[in-house]
Structure formats: structure tokens, C-alpha cells
Amino acid sequence: MSDGRLTTQQVAEILGVKVETVYAYASRGLLSSERVPGGKGSTFDAREVDALAVGQRRRPPRGASPTAADGLPSVAPVTVRTALTLIEDGRLYYRGRDAVQLAERYGFESAVGWLWGVGAEPGVELRAPAELVAALRRSAGTLPAATRLPDRLRVSAAVAASLDPLRFDLREANVRATGAALIAALVEALPGPPTAPDASLAARLWTRLAPAAPTPAAVACLDRALVLLADHELAVSTVAARVAASARAHPYAVVSAGLGASDGPLHGAASALAYRMLAEVLAAGDAVPVVSEYLRTGRSIPGLGHRLYPQGDPRSVALLDAMRQLPGYEPVLAAVDAVVRAAGGQHAPAAEAANVDLALAAFAHLGEMAAEAGEVVFSVARTAGWLAHAMEEYREAPLRMRARADYVGPRPEN
């Protein structure tokens, strides 16, 4: 076939399966098919077929049959095609635009518009109806005073869903409107003083996280952090969000899935670990004993290195650079540099650079925020990315994210 399309018979021969199994792949979303114009049968994307074939060949043998009872692979790869985010050559791109440059030129509202496909100018207005905000604040008022801010976000997402009877309208315009209101509501429901009605989302979020009134430079720095964290390809929370969207969960549930997956020390809460380490360094005035204690007790040093950026995390570089515009930055950034040097050791050829988690922790310290502030910034920002991925996933075949188990337990007795 021309233009990279294969017939059903060709696909069956390449994969070594029956024609009926090819159609089973298509029904489960493992392959996308197109009807032959003016005739019978379907054609398939050769690249998808090749990816599926590679996945079959790479499956490690366990002494069992490579196929399940229905003839499908026990572990079937799912290729997620996305036009949203690319990580390549140490740089991060949103829809083909360098995310660092986007953060330097635009605010978060514009970045959301760019990710959601409506353009950076004027972007998306992130406002929530007054009645929704009031309801969320009443709900938040019933929580214990010591409730963590990230937990308040999770509660607000669930309550907001219960208040929206049209949440199952998955048309893209409705998802965008729902998402814009939800992002704003998550911020407005956090404890804090009222803000000017025309304030940016970054300005409103600052008042919920920091004790001091925001300066323009502080708001600009937080705005940059929100843009840089808005999406990061298929991070684990984004996979969770896309799985929910694959099952046609509504936008609130998609965000709840993302929030749930990010609630761990290896993802959204990683900045809190870096915050506490940085606090020890600032209190001691020296990073060497702090790093030494981490090494002695077998703990990894948080906030260093990123496997997708072996030459350094560009988001961290951009955020730390923006912090140099804030008063009092010297001791905090000096502590970051000291951690990097100490972690490199005396004989290591090079130390791992600070990643965005350590940069977020430094920003929280500079703003005299709590340890959980970085997680809140991450979650609010990444909500925009989760919803962008949901909009993409709603266009795909439903339930295509269904993984297959490679059963290794005891066999049933006959």
C-alpha cells in the first residue's frame, strides 16, 4: 500500500496472527484503522504495526505461551501519539515552542492557551464562578486546620465535580471552560486573603502560599514556574490522567487521577524533600555535613539530576535565573550551588545539576513558604497539562490504555 498504509492481510502476516486477531487489536485501540474508500476492508498505519511487532519481540520469555486465550499478547504496548510536549536534545517544547522561551515571554494564562490549542494570545481566562468558589470555601472550612494544602486541592477537585451536573459533556469547548474554572477554583479555595479581581493566577496563588505581599518580580517568578511545570510529556501523573480519559472519565476525575498519582515523594511531592534538605543546609551554613549525613544513612540526595536531561534540567536553570531578580536570593542560591558541589564529591568528574524540584524548593524558601508550596505550584500548573492530554485522549478510541497482565502466579488446578 502507498502512504504508509497496510492491508489487514499484510498486518496479519507481519504480526504472525490471524486476520480476526488484527481486528481484535483494532477494537482494543492497539491499532487504528481506516475504511478503504469506496470498497471493503480497512487499512492500518505501518508505524503502529511496527511498534506493536517490536513490543511482541521484546517481551521476555517466561516459559509460557506468548499469547493469552483470546490470541492477544499478554503484554501489549500502547503508543501514545501526542502533539503537546516534546523533550529532545536537553530542551522542553510545548507544541513546537521552547517552553523556557514561552515562560520568558508569556504568563501562565497564555501558556495554557497554547497547550489547549487556542493560542497564546490572548490565552485562557482562568476565572471561577463566585458560587463555585463560595461552595469550595465552605467545604474547605470543614477540614481540620492542619490539613495540607495538596490535600485541600484533592478535596476541592472532588467537591467541584459534585457541583457540576454537566461534567460528562466531553466536547472540547466544554472541557476547556470546565478546566479554566477548575484551575482558578483550586487556587481560590486555598486559605488566603482576597485578591484583586483582575489579578493573574500567579498573583492569586502567591497570596495563598507566601506571608508577604507579592512584588511584581515575585509574581513574574511564580508565573515562570507555572509555565515551566505545565506539562512534561508522559510523566506518571499524566499517564494516570490519560488512562482516566481513555475510560471517558470527566475532566474533574482526570484531574483527580493526576493529583492522586502525583502524591508521592518521587513525583509531585519531590520538592518537599528538597525543601527540607535545603533548610538543613541553610541552618548549618554548610552543605557538606548535610550531604554527608544523607550518604551515611543511605538516602538519595533530593533535587539533583534528571534522566531526561543528562546535561541539566532547563526548567531549573530558567527558574533559578528568574530568582536572581528577587531580593535576598544570594544565600538561597548559594545553598543550592553548595549542595551540587558537595554531592559531586572530591573525586567525581562532575556533579549532577539541580533539577526543577530543587529550584522549586529554593523558590519556596526565598518566598518564606511552607515545604508543601512546591507541590501546590506543581499541581496547579500540571492541571493544565493533564487537561490538555485529556482533550487529546478523548479523540482516541476509548479504553485503548488497557494494559495486559503477564501472569506469573500459580496456575489454576484442573
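The values are calculated or read from the model by the stated rules, or taken from the named source; none is laboratory data. Quick caveat: nothing in here was measured; it's all calculated off a predicted structure. Ideal geometry is used to build each Cβ from the backbone, glycine not excepted, and the neighbour counts take in all protein chains shown.
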- [ ] Check the stretch 86-103 and report whether any residue there is under 20 Å from the mean Cα position of the chain (by Cα), among the small types (Gly, Ala, Ser) and surrounded by fewer than 20 Cβ atoms within 10 Å (Cβ to Cβ).
- [x] yes
Task: Set ALA354, ALA318, ALA322: member being of a type outside the set (Lys, Arg), touching a strand residue (DSSP E or B) at 6+ places or on another chain (Cβ under 7 Å) and under 30 Å from LEU86 (Cβ atoms) - done: ALA354
Open item on the list: Please go through the stretch 176-199 and give me each residue that is closer than 25 Å to ALA370 by Cα and touching a Phe, Trp or Tyr at 6+ places or on another chain (Cβ under 7 Å), ordered by number.
Closed with: LEU182
- [ ] Just one of (1) in a helix (DSSP H, G or I); (2) surrounded by fewer than 21 Cβ atoms within 10 Å (Cβ to Cβ) trips up VAL339, so point out which.
- [x] (2)
Open item on the list: Every residue in the stretch 95-132 that is at pLDDT below 95 and acidic (Asp, Glu), please.
Closed with: GLU121
TODO: Could you list, in sequence order, all residues of the stretch 104-125 that are aromatic (Phe, Trp, Tyr) and either in contact (Cβ under 8 Å) with a residue 60 or more places away in the chain or surrounded by fewer than 18 Cβ atoms within 10 Å (Cβ to Cβ) (or both)?
DONE: TYR106, PHE108, TRP116
Task: Number of the exception - ASP164 against (1) within 18 Å of TYR106 (Cβ to Cβ); (2) of a type in the set (Asp, Glu); (3) touching a residue at least 40 places away in the same chain (Cβ under 8 Å) - done: (1)
Task: Residue list for the stretch 354-374, filter: in contact with an Asp or Glu (Cβ under 8 Å, 6 or more places away or on another chain) and part of a loop (DSSP other than H, G, I, E, B) - done: ASN355
TODO: Return a yes/no flag: does the stretch 253-261 have any residue that is free of Cβ contacts under 8 Å to residues at least 60 places away in the same chain and either in contact with a Gly (Cβ under 9 Å, 6 or more places away or on another chain) or part of a loop (DSSP other than H, G, I, E, B) (or both).
DONE: yes
TODO: Have a look at ASP198, ASP151, ASP169 and point out the one that is closer than 25 Å to GLU396 by Cα and either among the acidic types (Asp, Glu) or crowded, with 21+ Cβ neighbours inside 10 Å (or both).
DONE: ASP169
Open item on the list: Please go through (1) in a helix (DSSP H, G or I); (2) free of Cβ contacts under 8 Å to residues at least 40 places away in the same chain for ALA213 and return the number of the only condition it doesn't satisfy.
Closed with: (1)
Open item on the list: So in the stretch 271-300, with the set limited to residues that are assigned to a helix (DSSP H, G or I) and of a type in the set (Gly, Ala, Ser), which one is farthest from the chain's Cα centre (by Cα)?
Closed with: ALA284
